Every structure is written in C-alpha cells, then in structure tokens.
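Here the structure is laid out as structure tokens; the discussion comes afterwards.
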Amino acid sequence: VSGRTRAQVLRATRDELASAAIEEAALDARILVSAALGVDTTALVARPDTAVEPETEALLRAMIVRRIGREPVSRILGEWEFWSLPFRLSPDTLVPRPDTETVVEAALAAFGDRERRARILDLGTGSGCILVALLSELPQAEGTGVDRSFGALATARLNARRHGVADRAAFVLGDWSAAIGGRFDLIVSNPPYVDDGAMAGLAAEVRCHDPPLALRGGPDGLAAYRVILHDAVRLLRPSGLVVVEIGHDQAAAVSRLAGQAGLELVEVRRDLAGCPRAIVAALA
Ligand SMILES: C[S@@+](CC[C@H](N)C(=O)[O-])C[C@H]1O[C@@H](n2cnc3c(N)ncnc32)[C@H](O)[C@@H]1O
C-alpha cells in the first residue's frame with residue numbers, strides 16, 4: 001500500500017482539527033505533523049511529496065486525538081519555547097507563555113550592567129523558565145527558584161541543566177519566600193493570578209491542562225501578590241528590584257499593593273499586545 005504524502009497528511013490533519021473547532025488548526029497541524037515525522041516545520045513544507053510511514057501515521061493519530069481532546073500542542077510535545085530556549089514540561093508545570101517574556105525583558109532593562117554579580121529569587125518558578133532565561137543572559141548571576149510543587153521543581157532543575165545554568169541555580173520547595181533568607185538584587189515572579197470567578201471561563205486547554213496551583217489567585221486574583229510584595233521588602237538589597245507579572249486588568253491593584261508593602265513603583269511594562277503585563281518596583 002502506498003502511503004499518503006506529507007502534503008496530504010498535513011491537509012487532512014488541518015481539516016480534521018478545524019472541523020473539531022480547534023482555533024489555530026493550520027498552525028497546530030504543521031507543528032504536530034512535523035513532530036510526528038521528527039522534522040522541523042521548514043523541512044515539512046520543503047518536501048511535500050515524501051511518503052509518510054505507517055508508524056508516523058499511528059503516532060500522528062494519537063496526537064490528533066489528544067489535540068481534539070483540547071490538550072494544547074505544548075503538552076502533546078512535552079516541551080515549549082520561551083526566550084528562544086526549549087523548556088521541558090510536566091503535568092506540574094504551567095506552559096510558559098510569551099507574555100511572561102515581558103518579565104524577563106523588564107528585569108533585564110532595569111538591571112543595567114549584565115556582567116555584574118547578582119542574586120536572583122524566582123517565586124513560583126514552575127518550569128524554571130524565568131530564572132533560566134535570566135541566568136542565561138546574566139553570566140555572573142546566581143539564582144534560587146521556589147515552588148510549592150515538588151514535581152515542578154524537578155522539571156525546573158532539568159531545564160537549568162539543559163541550558164547550562166544548573167551550577168548557578170538552586171531550586172527549593174517552599175510557600176513563596178517563607179523559607180528564604182538573605183538579600184536579593186532581583187525578585188521575579190509570575191504568580192497565579194486568575195480570580196475564582198474567572199476560573200470556569202478559561203479555555204479548556206488551560207483549565208483542564210495547566211495545574212490549578214499555577215492559576216488560582218484566590219477570590220480577587222491578588223492573594224499571591226499580597227504575600228510576595230510584602231515579603232519582598234525583607235528580601236531586597238537596598239538597590240534591588242522586584243518584577244511581577246500581572247493580569248491585563250491588575251496594574252492599578254498590584255501597584256497599590258506594592259505601595260502598601262513599602263515599595264515604590266518603577267515601571268508598568270506592557271506586553272507585545274500593548275497590555276500592562278509586568279510591574280517593576282523598588283524599596284521606597
Ligand atoms: C503562573 S505559574 C508560573 C510558572 C513559571 N514561573 C512561568 O512563568 O511559566 C505559578 C507558579 O507558582 C507556584 N505556586 C503556587 N502557589 C505557590 C506557593 N504558595 N508557594 C510557591 N509557589 C507557588 C505554582 O506551582 C506555579 O508553578
């Protein structure tokens with residue numbers, strides 16, 4: 001039996017995803033077919049007439065079933081790119097979002113000389129994406145990633161090793177910074193910030209596949225900020241900075257919490273879509 005060509009498989013996959021109302025059907029089809037073939041997306045379109053092996057078809061079938069079950073492509077692949085670096089995922093880690101690169105950008109912009117020695121604290125490190133991205137840009141820095149999920153910490157450690165920063169990174173199980181001492185030049189966090197009322201309205205890809213511990217921000221979505229910003233005052237060096245990601249409508253509320261904690265607002269940084277996405281604050 002002669003198999004289908006890559007082009008035929010790609011088209012059929014796209015159509016199948018589209019008819020299951022998957023929003024980015026064409027993009028997802030390209031990523032899944034490439035992954036099943038073990039080639040990159042460029043090679044896929046470069047050789048459209050190549051026949052597809054039955055084993056590849058079987059692998060792809062399983063991927064399509066998962067995608068139609070609303071599992072995001074990132075979970076199906078088991079890794080996702082952040083700051084141009086691939087990050088391994090597990091069921092305990094949030095999928096790194098492009099919006100979160102705003103935290104890295106804001107931290108680097110405010111940091112100044114990239115060659116200086118510095119201590120970084122990443123609260124709610126998840127896959128470790130923020131800390132690993134920062135350590136990859138700041139060769140003299142060392143950092144600690146904290147999470148309440150043991151599984152997430154194992155994945156974060158693996159990602160730090162993979163990107164060659166493990167000798168400058170420690171990963172600690174903890175409830176925010178309760179168990180952390182010493183002083184830091186940079187405290188970064190992308191805490192859970194979805195308020196209880198909004199949880200049910202999240203897309204199934206998020207609601208059913210990102211860990212609830214990574215999403216739930218309490219009744220008003222601000223529970224984690226109250227703790228993190230309050231404790232930042234104890235943990236910042238005099239010239240230190242705290243950079244937290246925020247939900248698109250949380251800039252005023254989180255700035256107010258920073259002020260109440262004894263911090264001074266330095267910057268509200270916007271993401272690529274123009275939404276306020278990160279707050280930079282310093283000791284007042
Ligand atoms: C929104 S996710 C961010 C993950 C990662 N930093 C990122 O940006 O992709 C929030 C993280 O905070 C962790 N977390 C939730 N509550 C926590 C707590 N009380 N103490 C420490 N970490 C917590 C979750 O397990 C999750 O990994």
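The values are calculated or read from the model by the stated rules, or taken from the named source; none is laboratory data. Predicted model only: the values in this text are computed from it and were never measured. Here the Cβ positions follow ideal geometry from the backbone for every residue, glycine too, while neighbour counts run over all protein chains shown.
Return yes or no: is residue 135 touching a residue at least 40 places away in the same chain (Cβ under 8 Å), more than 11 Å from the ligand (Cβ to nearest atom) and part of a helix (DSSP H, G or I)? In short, no.
Scanning the stretch 119-132 for residues that are within 14 Å of the ligand (Cβ to nearest atom) and either of a type in the set (Gly, Ala, Ser) or assigned to a strand (DSSP E or B) (or both) yields a total of 8.
Are any of the residues in the stretch 86-101 closer than 27 Å to residue 237 by Cβ, buried (at least 17 other Cβ atoms within 10 Å of the Cβ) and touching a residue at least 12 places away in the same chain (Cβ under 8 Å)? Within the stretch 86-101 (the criterion being closer than 27 Å to residue 237 by Cβ, buried (at least 17 other Cβ atoms within 10 Å of the Cβ) and touching a residue at least 12 places away in the same chain (Cβ under 8 Å)), the answer is yes, since at least one residue qualifies. The residues of the stretch 201-216 that are of a type outside the set (D, E, K, R) and within 14 Å of the ligand (Cβ to nearest atom), listed by number, are 202, 206, 209, 211, 212, 213, 214, 215.
The residue that is nearest to the ligand (Cβ to nearest atom), counting only those in the stretch 101-113 that are in contact with a helix residue (DSSP H, G or I) (Cβ under 9 Å, 6 or more places away or on another chain) and at pLDDT 95 or above, is 103.
Every condition in (1) of a type in the set (Ser, Thr, Tyr); (2) more than 7 Å from the ligand (Cβ to nearest atom); (3) surrounded by fewer than 22 Cβ atoms within 10 Å (Cβ to Cβ) holds for residue 149 except the one numbered (2). Only one of the listed residues (75, 116) is among the basic types (Lys, Arg), over 11 Å from the mean Cα position of the chain (by Cα) and more than 14 Å from the ligand (Cβ to nearest atom). That residue is 116.
A Cβ distance below 7 Å, combined with a sequence gap of six or more or placement on separate chains, defines the contacts here; from the stretch 54-77, residues that are part of a helix (DSSP H, G or I) reach residues that are among the acidic types (Asp, Glu) in the pairs 64/16; 67/28; 73/28. Considering only the stretch 148-161, I want to know if a residue exists there that is in contact with a helix residue (DSSP H, G or I) (Cβ under 6 Å, 6 or more places away or on another chain), of a type outside the set (A, V, I, L, M) and assigned to a helix (DSSP H, G or I). Yes, some residue in the stretch 148-161 is in contact with a helix residue (DSSP H, G or I) (Cβ under 6 Å, 6 or more places away or on another chain), of a type outside the set (A, V, I, L, M) and assigned to a helix (DSSP H, G or I).
Of the residues 29, 18, the single one that is out of contact with any Pro (no Cβ under 9 Å at 6 or more places or on another chain), of a type in the set (A, V, I, L, M, F, W, C), part of a helix (DSSP H, G or I) and surrounded by fewer than 16 Cβ atoms within 10 Å (Cβ to Cβ) is 18. Within the bounds of the stretch 106-116, is there any residue that is in contact with a Cys (Cβ under 8 Å, 6 or more places away or on another chain) and in contact (Cβ under 8 Å) with a residue 24 or more places away in the chain? Looking for residues that are in contact with a Cys (Cβ under 8 Å, 6 or more places away or on another chain) and in contact (Cβ under 8 Å) with a residue 24 or more places away in the chain, one finds none in the stretch 106-116, hence no. Figure legend. Inter-residue proximity from the stretch 260-274: first residues at positive phi, second residues surrounded by 14 or more Cβ atoms within 10 Å (Cβ to Cβ), beta-carbon distance below 7 Å, spacing 6+ or different chains. Indicated pairs: 262/233. Among the conditions (1) more than 30 Å from residue 76 (Cβ to Cβ); (2) part of a strand (DSSP E or B), the only one that residue 188 does not satisfy is (1).
Using the structure shown, decide if residue 98 is more than 9 Å from the ligand (Cβ to nearest atom) and touching a strand residue (DSSP E or B) at 6+ places or on another chain (Cβ under 7 Å). Criteria not met by residue 98. Taken over the stretch 156-200, the criterion of being within 10 Å of the ligand (Cβ to nearest atom), under 16 Å from the mean Cα position of the chain (by Cα) and under 14 Å from residue 145 (Cβ atoms) is satisfied by 156, 188, 189, 190, 191.
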